[in-house]
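Scroll down for the structure; my scribbles are underneath it.
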Amino acid sequence: MWVSHSMGKRRCVSATENKPSSGCCGVKKPKLCPPTVCSVQPSATNNCLPPEDKTVGPGALTPLSRPSRTTSSREQFVVTAEMGCYCFDVLYCHLHGFPQPRLPRFTNDPYPLFVTWKSGRDKRLRGCIGTFSAMNLHSGLREYTLTSALKDSRFPPLTREELPKLSCSVSLLTNFEDVVDFLDWEVGVHGIRIEFLNEKGIKRTATYLPEVAKEQEWDQIQTIDSLLRKGGFKSAITNEFRKSIKLTRYRSEKVTISYTEYMASRQAAQQNSTMHAPPLYTHYS
């Protein structure tokens, strides 16, 4: 994967490059640095609705959620609704004690990724963890499906009783650019990842996915300050300190599907033999 720098230079990020972790997700209408916003983890993991499209055909999902992106519209989507279905497959099989599903047919190229689970009509966050290390999508989505669903320290693990209320979002991160000016990014377009030294001189990191600041109705300063608090900075935040942070902006492709869409897609796929789907067990119906 190619990662851009602000001066037009790009560097190649391999699937094994270890990029430190930081949080990604916000919740509805919090004060700055709410306690339920994703927190930094010491490992290479990170704590983080499209209109319906009735597309059908070989390998298609019915109904199919249209991916959203903050990358160039000239490019083809990499993220697909089948990725969200695969995450549901993995979680469903795990919670019911079944063998893990067969490998999917979508691309296995490496990308940094996040998996987010939300519950209910109010889309209450139930888990959001991902990685800035580029991972092959088959193993990466399988790993972070379960990590975000079961090991997000802010929430109890998801249960099988919650499945019908869930929606799953898959975000693939692209177009990383290191910038000099901490305001050189656009709300609703870029996700941002910051690095800074805390009061003890320890390097900390934090991130928000591209949609977070817009959903919270934050401006750039509010977003930066929330990230600093989320990363553990407790002192007064001055403009001079904001200028000292290292900021990387990035974009993403995102798809969200509900459990209802997932079930309809899997049942249609089995009936039409249009998808490399796992068997529909008797308790699906």
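Filtering the range 87-124 down to residues that are in a helix (DSSP H, G or I) and out of contact with any Pro (no Cβ under 7 Å at 6 or more places or on another chain), which residue is surrounded by the fewest Cβ atoms within 10 Å (Cβ to Cβ)? Step by step, filter the range 87-124, then rank; the result is His96. Residues in the range 179-212 that are over 20 Å from Ser252 (Cβ atoms) and polar (S, T, N, Q): how many? Qualifying residue count, the range 179-212: 1.
Condition check ((1) farther than 28 Å from Thr145 by Cβ; (2) touching a strand residue (DSSP E or B) at 6+ places or on another chain (Cβ under 7 Å); (3) at pLDDT 95 or above) across all residues:
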{"residue": "Val170", "(1), (2), (3)": "no, yes, yes"}
{"residue": "Asp178", "(1), (2), (3)": "yes, yes, yes"}
{"residue": "Glu217", "(1), (2), (3)": "yes, no, yes"}
{"residue": "Tyr259", "(1), (2), (3)": "no, yes, yes"}
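Just one of (1) farther than 18 Å from Ile257 by Cα; (2) open to solvent by less than 10 Å² (accessible area, probe 1.4 Å) fails for Leu137. It is (1).
Given the criterion closer than 21 Å to Ser148 by Cβ and either more than 19 Å from the chain's Cα centre (by Cα) or among the hydroxyl-bearing types (Ser, Thr, Tyr) (or both), identify the matching residue among Thr238, Thr207, Thr248. Among Thr238, Thr207, Thr248, only Thr207 is closer than 21 Å to Ser148 by Cβ and either more than 19 Å from the chain's Cα centre (by Cα) or among the hydroxyl-bearing types (Ser, Thr, Tyr) (or both).
Go through the range 180-195 and report how many residues are touching a strand residue (DSSP E or B) at 6+ places or on another chain (Cβ under 6 Å) and either within 16 Å of Ile237 (Cα to Cα) or of a type outside the set (Lys, Arg) (or both). Summing the residues that are touching a strand residue (DSSP E or B) at 6+ places or on another chain (Cβ under 6 Å) and either within 16 Å of Ile237 (Cα to Cα) or of a type outside the set (Lys, Arg) (or both) in the range 180-195 gives 7. If you go through the range 140-155 and keep only what is open to solvent by less than 50 Å² (accessible area, probe 1.4 Å) and in a helix (DSSP H, G or I), you end up with Gly140, Leu141, Tyr144, Thr145, Leu146, Thr147, Ser148, Ala149, Leu150. Any residue at all in the range 141-152 that is of a type in the set (A, V, I, L, M) and touching a Lys or Arg at 6+ places or on another chain (Cβ under 6 Å)? Looking for residues that are of a type in the set (A, V, I, L, M) and touching a Lys or Arg at 6+ places or on another chain (Cβ under 6 Å), one finds none in the range 141-152, hence no.
To keep it simple, each residue is scored yes or no on (1) of a type outside the set (Asp, Glu); (2) modelled with pLDDT of 95 or more; (3) surrounded by 16 or more Cβ atoms within 10 Å (Cβ to Cβ).
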{"residue": "Phe196", "(1), (2), (3)": "yes, yes, yes"}
{"residue": "Phe233", "(1), (2), (3)": "yes, yes, yes"}
{"residue": "Arg251", "(1), (2), (3)": "yes, yes, yes"}
{"residue": "Asn272", "(1), (2), (3)": "yes, no, no"}
{"residue": "Pro278", "(1), (2), (3)": "yes, no, yes"}
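A count restricted to the range 206-231 and to residues that are open to solvent by 10 Å² or more (accessible area, probe 1.4 Å) and of a type outside the set (Phe, Trp, Tyr) stands at 12.
The values are calculated or read from the model by the stated rules, or taken from the named source; none is laboratory data. Being a predicted model, the structure only gives us computed values, none of them experimental. Please note: Cβ atoms are built from the backbone with ideal geometry, for glycine as well, and neighbour counts cover all protein chains shown. Accessible surface is based on the protein model in full, side chains and every heavy atom, while ligands, DNA and RNA are left aside. Shrake-Rupley method; radii C 1.70, N 1.55, O 1.52, S 1.80 Å.
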